[in-house]
Amino acid sequence: MGHFLHAVSVFFQHLAAVRWDLLGLALACHLVRLGFRAVAWRAIVLAAYPDKTLRLSTAFGAYVAGVGVNSIVPARGGDVVKLYLVKHRLPGSTYSTLAPTLIVETLFDAVTAGLILIWALATGVLPTHQIYSRLPSVDWRFFLRHERWTLYGLAVLVAACIVGWLIARARIADFRERVRQGFAILRDPPRFIRGVMLPQALSWVFRILSVYFFFQAFRIAATFHNALLALVVDSLSTLFPATPGGAGTKQGLTEFVFRRQGISHTSLLAFSVGMNIALTAFNVLLGLGAIAVMARTLSFTRVRSQARGDEETA
């Protein structure tokens with residue numbers, strides 16, 4: 001966090017040099033990107049509920065509300081808000097069906113981000129051993145050293161699973177069908193390609209354009225290669241989360257990834273912090289506006305608590 005605070009001070013020192021017209025263009029591309037992502041998510045939801053109507057404005061509002069909350073709240077709290085806002089405008093829908101639509105929405109992104117990360121590893125931008133060394137792993141030696149308590153724990157876990165299954169078996173078939181319904185679009189490949197993959201591919205184009213214009217706004221060489229490097233930083237900061245919005249983590253990764261690009265240390269810090277602050281502020285303002293219009297409140301916490309209350313009583 002100390003590194004991030006230092007980066008913030010560097011950013012404010014370079015504030016006068018920022019090209020605000022290009023910064024606005026970068027945020028405009030980001031907004032278009034969110035629009036395409038909302039289009040893709042709406043297609044997934046409508047495939048799960050083919051007999052219902054979901055307005056694009058509703059899907060977009062719920063989506064940007066979720067993005068806004070996720071920008072400042074850990075543990076994907078914005079997803080709860082997103083589902084709550086859609087559920088209350090889609091009569092008869094359930095959280096057990098809507099939640100899987102968020103999983104479907106990440107499939108194309110996971111493949112694309114994975115390919116970009118593989119490109120970074122293959123070209124030597126990221127030393128492979130440094131990435132592998134940071135991947136989380138489980139230390140099984142603890143369980144081997146305490147085998148008796150491990151057996152007791154496993155027995156309790158199995159017993160709890162059996163009891164839970166006996167209690168829930170009357171409803172489990174209905175629950176499984178509702179969950180399966182959320183993945184409906186995957187059983188229609190042409191619709192998935194047309195309704196999800198195409199708009200998400202366009203969203204990636206605008207994501208790259210947004211980063212490109214951020215580089216120009218902070219007077220750094222704007223190239224497709226550098227834009228891909230910035231996306232590598234975003235992917236890694238998501239893979240190894242440590243602070244809200246990746247504060248500090250992104251700045252360290254940016255310096256490491258761009259170490260051979262001939263860009264000054266202060267310029268990199270100003271760019272990294274500036275883009276982070278601009279996107280976070282923009283997402284939060286959009287999220288607040290969407291929540292105010294759709295939920296008639298400006299409180300993220302209130303909407304999340306109402307959503308959890310709905311889920312418990314469902």
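Structure notes:
- Cβ crowding within 10 Å, taken as a proxy for footprinting-reagent exposure, orders Trp149, Trp119 from fewest neighbours to most as Trp149, Trp119.
- Stretching Arg187 away from Ser264 to a fully extended chain increases their span by 22.7 nm, per 0.36 nm per residue minus the current alpha-carbon distance.
- Seen from Leu54, the other residues with C-beta closer than 12 Å to its C-beta sum to a net charge of +4, counting Lys and Arg as +1 and Asp and Glu as -1.
- Sites Ile277 and Trp149 - FRET efficiency at Förster radius 45 Å, r taken between beta-carbons, to 0.05: 0.40
- Net charge contributed by nearby residues that have their C-beta within less than 15 Å of Phe206 (K/R +1, D/E -1): +1
- Highest mean packing comes first when the peptides 188-194, 87-93 are listed by Cβ atoms within 10 Å, giving 87-93, 188-194.
- Taking other C-beta atoms within 10 angstrom as a stand-in for reagent exposure, Ile263, Ile291 fall in the order Ile263, Ile291, fewest first.
- Sorting Ser264, Ser237, Ser57 by the number of Cβ atoms found within 10 Å of their own Cβ, with the fewest placed first, yields Ser264, Ser57, Ser237.
- Eligible lysines near Lys52 by straight Cα distance, threshold 21 Å, same-chain separation 8 or greater: Lys82, Lys87
- With both labels modelled 7 Å from their Cα along Cα-to-Cβ, the Leu56 to Ala159 distance reads 5.7 nm.
- Stretched out straight at 0.36 nm per residue, the stretch from Thr223 to Ala201 would grow longer than its current Cα-Cα span by 6.0 nm.
Throughout, read-outs are computed from the coordinates displayed, never taken from laboratory work. Predicted model, so just to flag it, every value in this text is computed and none were measured. Because the Cβ atoms are built from the backbone with ideal geometry, glycine has one as well, and the counts that use them run over all protein chains shown.
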